[in-house]
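Participant: To start, I am sharing the structure in question, which I have written as structure tokens.
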């Protein structure tokens, strides 16, 4: 940025002054010295001047973000962004307004720290103008050339979950316990297409707000989630209308899954499943079957089965999810246990748990191990 914006001013920041001095600045000075890049450092003002371009770099801690107002910037760069307040980023974005800059740019580097504002702004809901690079730790061949067992050393010092976040750079609820810990975007999220000869498997969670369901197919033992339906303040018939608008006809037929409580009669005199049955019948979906349990499985058993499908012990997966299923993906990443318990926290975020519950009902019916019934000729013990 200093060479692209010759003669202009940029800013390098870190969460606190000690972090700025001991990590960000010291690394920069080392790089400048090793590469013999001419520069002057004005300690009193904490400003560095590049001699060959006359560009200026202002160094600032970010703990008092209100002091970041003022000077126009051509660019800024922040270190350890997850330990920085979101307001600091917003203040600096507002300072990218140097009219003589050739390229206005703000950038940052960080290690994941749970599903914080950095995750929400740059990963959960990406917007135009932001770009994101997720680097894998073992890509750092410069480090491994000097310390080949670096990551193994850290693995012996950290517990599994903390190691995955701090070393492998994964987004986890380390402090609260991620329910679906088998989920990994790089492994479980991929493009999957609807096959017209395979049944559509529609799993519903009859929550009032939002009303949620997933659409999947099972191919060669692998559950492939192709779509999700999330509707605010919707009734069961309205959800059926939405499903039928997306899938008006399907050669392979439809299989319905869901919560056992959906069989209870509503104030209209019809159960949720009766409403689904009527909607499908009147639309021409004659090949519809229902796999509804008389009672719901234990939550722990259902969750364990979903995790097993997300990642088998051999590293394989039996569950793939289309990238368009954004709310389901967030569910699998963010649904957590209440601190110090194995009870799923359904209160922290009302949007969460519903889609993963719906998926769990489908997986329970299709993927749980089935015992063989009847007499056996072989010796059991």
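Participant: Looking only at segment 158-170, how many residues end up being modelled with pLDDT under 70 and in contact with a helix residue (DSSP H, G or I) (Cβ under 9 Å, 6 or more places away or on another chain)?
Facilitator: Residues that pass the stated criteria total 1.
Participant: Moving to a separate point now. Can you say whether residue 155 is modelled with pLDDT of 90 or more and more than 23 Å from the chain's Cα centre (by Cα), as far as the supplied structure shows?
Facilitator: Details: modelled with pLDDT of 90 or more: no; more than 23 Å from the chain's Cα centre (by Cα): yes.
Judged against the criteria, residue 155 is not a match.
Participant: Being assigned to a helix (DSSP H, G or I) and loosely packed, with under 15 Cβ neighbours inside 10 Å: is that true of residue 103 here? Steps first, please.
Facilitator: Working: assigned to a helix (DSSP H, G or I): no; loosely packed, with under 15 Cβ neighbours inside 10 Å: yes.
When the stated conditions are applied, residue 103 does not pass them.
Participant: OK, next. Residues that are within 22 Å of residue 335 (Cα to Cα), surrounded by fewer than 21 Cβ atoms within 10 Å (Cβ to Cβ) and in contact with a strand residue (DSSP E or B) (Cβ under 9 Å, 6 or more places away or on another chain): does segment 232-244 have at least one? Walk me through it before giving the result.
Facilitator: Pass one, segment 232-244, residues within 22 Å of residue 335 (Cα to Cα): 232-233.
Cutting the leftovers down to surrounded by fewer than 21 Cβ atoms within 10 Å (Cβ to Cβ) gives us 232-233.
Subset that is in contact with a strand residue (DSSP E or B) (Cβ under 9 Å, 6 or more places away or on another chain): 232-233.
Yes: segment 232-244 contains one or more residues that are within 22 Å of residue 335 (Cα to Cα), surrounded by fewer than 21 Cβ atoms within 10 Å (Cβ to Cβ) and in contact with a strand residue (DSSP E or B) (Cβ under 9 Å, 6 or more places away or on another chain).
Participant: Further question: Those residues that are closer than 13 Å to residue 92 by Cβ and crowded, with 19+ Cβ neighbours inside 10 Å, I need them from segment 18-60; list them, please.
Facilitator: So in segment 18-60, the residues closer than 13 Å to residue 92 by Cβ come out as 58, 60.
Result: 60, single match.
Participant: Looking only at segment 112-141, how many residues end up being in contact with a helix residue (DSSP H, G or I) (Cβ under 6 Å, 6 or more places away or on another chain) and farther than 21 Å from residue 77 by Cα?
Facilitator: Number satisfying all stated conditions: 1.
Participant: Right, another one. Going by what's in this entry, would residue 18 be described as out of contact with any strand residue (DSSP E or B) (no Cβ under 7 Å at 6 or more places or on another chain), modelled with pLDDT of 95 or more and assigned by TED's automatic domain parsing to the domain that holds residue 100? Reasoning before the result, please.
Facilitator: Numbers: out of contact with any strand residue (DSSP E or B) (no Cβ under 7 Å at 6 or more places or on another chain): yes; modelled with pLDDT of 95 or more: no; assigned by TED's automatic domain parsing to the domain that holds residue 100: yes.
So residue 18 does not fit the description; no.
Participant: Run down 60, 54 and say which single residue is touching a residue at least 40 places away in the same chain (Cβ under 8 Å), under 17 Å from residue 98 (Cβ atoms), in contact with a helix residue (DSSP H, G or I) (Cβ under 9 Å, 6 or more places away or on another chain) and not in a helix (DSSP H, G or I). Before you say what the answer is, go through the steps one by one.
Facilitator: Working: 54 fails: in contact with a helix residue (DSSP H, G or I) (Cβ under 9 Å, 6 or more places away or on another chain).
Residue meeting the stated conditions: 60.
Participant: On to the next question. Name the pairs: first residue in segment 128-156 and on the phi > 0 side of the Ramachandran plot and assigned to a loop (DSSP other than H, G, I, E, B), second residue surrounded by 12 or more Cβ atoms within 10 Å (Cβ to Cβ) and at pLDDT 80 or above, Cβ to Cβ under 8 Å, at least 6 apart or on different chains?
Facilitator: No pair meets every condition.
Participant: I'd like the full set of residues that are assigned to a loop (DSSP other than H, G, I, E, B) and either under 19 Å from residue 217 (Cβ atoms) or in contact with a helix residue (DSSP H, G or I) (Cβ under 8 Å, 6 or more places away or on another chain) (or both), limited to segment 235-250.
Facilitator: 247, 248, 249, 250, listed by residue number.
The values are calculated or read from the model by the stated rules, or taken from the named source; none is laboratory data. The model shown is predicted, which means the values in this text are computed figures rather than measured ones. Here Cβ is always computed from backbone atoms with ideal geometry, including for glycine, and neighbour counts include all displayed protein chains.
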